[in-house]
Structure formats: structure tokens, C-alpha cells
Amino acid sequence: MDIVVKGRKTEVPERFRKHVAEKLKLEKIQKLDGKVISLDVEVSKEPNPRQADRSDRVEITLHSRGPVIRAEAAASDPYAALDLAAEKLDARLRKQHDKRHTRRGARRLTAAEVADHVPGAATLNGNGHTAHEEEPESVPTKKIGSLEVKGEGPLVVREKTHVASPMSLDQALYEMELVGHDFYLFIDSETKEPSVVYRRHAYDYGVIHLSTDPMVTQTQGPAAGGTLGG
């Protein structure tokens, strides 16, 4: 298994690369997941001085022949951020390991039961946002075209493409918790249509299914995407 360490708009010193190899014990990871192919560690830095307490972000992505497992954390320096992200990765690896060893004879969790069985689920504030991602009220907002950008920027747009295998709703919820996100795009195994599950208030979940309207497609071309809500 290879560990790839890279920086996004920042340089990664050799000392930090060695620390990654010491912190992410390959032997320990392979005991929990023997199908691991590679481990990506991405380091980024937030230039906004108002966010100095979480200016360094580390994202760890584990690729294997099973589901992708991702963990990320932010702190005042990359070493502290790596420690936090490594703890999250270890917890998710152990959860996946335990699931594989108890799958025989066990039933799948319903959507309502997911939160009770997933440690470290995101904490939401009164506005429905994850607490660690909430921007301070003092951060200024400016307009860039039709978008409102908080802080000094810069505006960063990231585009990713993933290969999707059809899966059930319960499996999509489980995969969402593994990567630690508040939404998860997937192909519904029953309808074969693109769908998204997302976290609502507290531990409620929502799901949106997309289907093609033949009349709109014929008269107007591809239809615009929907928005999360409700």
C-alpha cells in the first residue's frame, strides 16, 4: 500500500511527510482492512487570519476494494490536524471492520437507527449547520458575480467525478457516515436513477430522487438540477 502526501496551494515539508508515515501505521491499517490499495493525505492552508485556530486542514482518503473511507480535520497547525484526522480514520476503519465481521446473520440498519450506531456523528447547531464549519458572525461578506463569499477568499471551486455502483438507501446512509459528509450521491438500486441522501435537523435524514421528464427533455433539452430542502 502506498501513502501519497500532497499539498493544495501549500508546500509540504519533508518532516511532515515522515510524521505522516509514523502516525498512519500501515500494519495497523491493513489489519483493519486487508483490501487497502492506497492512502491519500492532502494538506491545505486557510489564509484568512480570522481562522488562525483552524488554518491548517488535513484530509485523509483511504481507497480499497471496499467503500472509500475519508476523514478530515482542521487545527492551528498541520500536525494537530493530522492527529485529529487520524483518530477519525481509525474510528471509521474499526466500524467498517466490525461490520464485516458481524454481517453474517445481522440485519441492515434502518435510516432511523443509523445515528444510534455511528460514533462521532456531526453535531448540528440551531441553524442546521455542522458546528465546526460555522463561520464567525464578524467575517465580512462580499459579492462575486451572483455569489456571496464570506471572508477574504479566494473563491475556490472544486470539481470531482466518482464512479457510482447501484446501492440501497440504507447502504447510501452508511456510506455517507463513513466519509463523514452531510450528503451522499448514489445510484438507487431499485430505480436506477441518481439520488442523494442528506442530513437534516438533529439525526433526521432526507432523500431526493431525480428522474427525467420526457416532455421537458424533448422540448427544452436537459433539465436543471434540483436543490436540497424540505
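The values are calculated or read from the model by the stated rules, or taken from the named source; none is laboratory data. Quantities reported herein were computed from a predicted structural model and do not represent experimental measurements. Neighbour counts are summed over all protein chains in view; Cβ atoms, including those assigned to glycine, are modelled from backbone coordinates with ideal geometry. To get the accessible areas, we keep the full protein, side chains included, count just its heavy atoms, and leave off ligands, DNA and RNA. Shrake-Rupley method; radii C 1.70, N 1.55, O 1.52, S 1.80 Å.
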(message) Filter region 164-213 down to the residues that are under 16 Å from the mean Cα position of the chain (by Cα), of a type in the set (A, V, I, L, M, F, W, C), more than 14 Å from P67 (Cα to Cα) and modelled with pLDDT of 85 or more and list them by number.
(response) V196, V197
(message) If I filter region 176-188 down to residues being touching a strand residue (DSSP E or B) at 6+ places or on another chain (Cβ under 7 Å) and open to solvent by 20 Å² or more (accessible area, probe 1.4 Å), which single residue comes out as farthest from R94 (Cα to Cα)?
(response) I187
(message) Which residue is nearest to A73 (Cα to Cα), if the candidates are limited to region 189-214 and must be open to solvent by 80 Å² or more (accessible area, probe 1.4 Å) and touching an Asp or Glu at 6+ places or on another chain (Cβ under 9 Å)?
(response) Y203
(request) Please give the number of the condition P47 fails out of (1) in contact with a Pro (Cβ under 9 Å, 6 or more places away or on another chain); (2) within 30 Å of R65 (Cβ to Cβ); (3) open to solvent by 60 Å² or more (accessible area, probe 1.4 Å). (result) (2)
(request) Select from region 1-38 the residues that are touching a strand residue (DSSP E or B) at 6+ places or on another chain (Cβ under 8 Å), more than 16 Å from A85 (Cα to Cα) and not hydrophobic (A, V, I, L, M, F, W, C) and list them in ascending order. (result) D2, R8, K9, T10, Q30, D33, K35, S38
(message) I'd like the full set of residues that are open to solvent by less than 10 Å² (accessible area, probe 1.4 Å) and under 28 Å from R50 (Cα atoms), limited to region 62-74.
(response) A71, A73
(message) Out of E14, E22, E27, I need the residue that is open to solvent by 80 Å² or more (accessible area, probe 1.4 Å), at pLDDT 90 or above and more than 30 Å from P166 (Cα to Cα). Which one?
(response) E14
(request) Go over the candidates V36, V58 one by one and state the one that is within 16 Å of V12 (Cβ to Cβ) and surrounded by 16 or more Cβ atoms within 10 Å (Cβ to Cβ). (result) V58
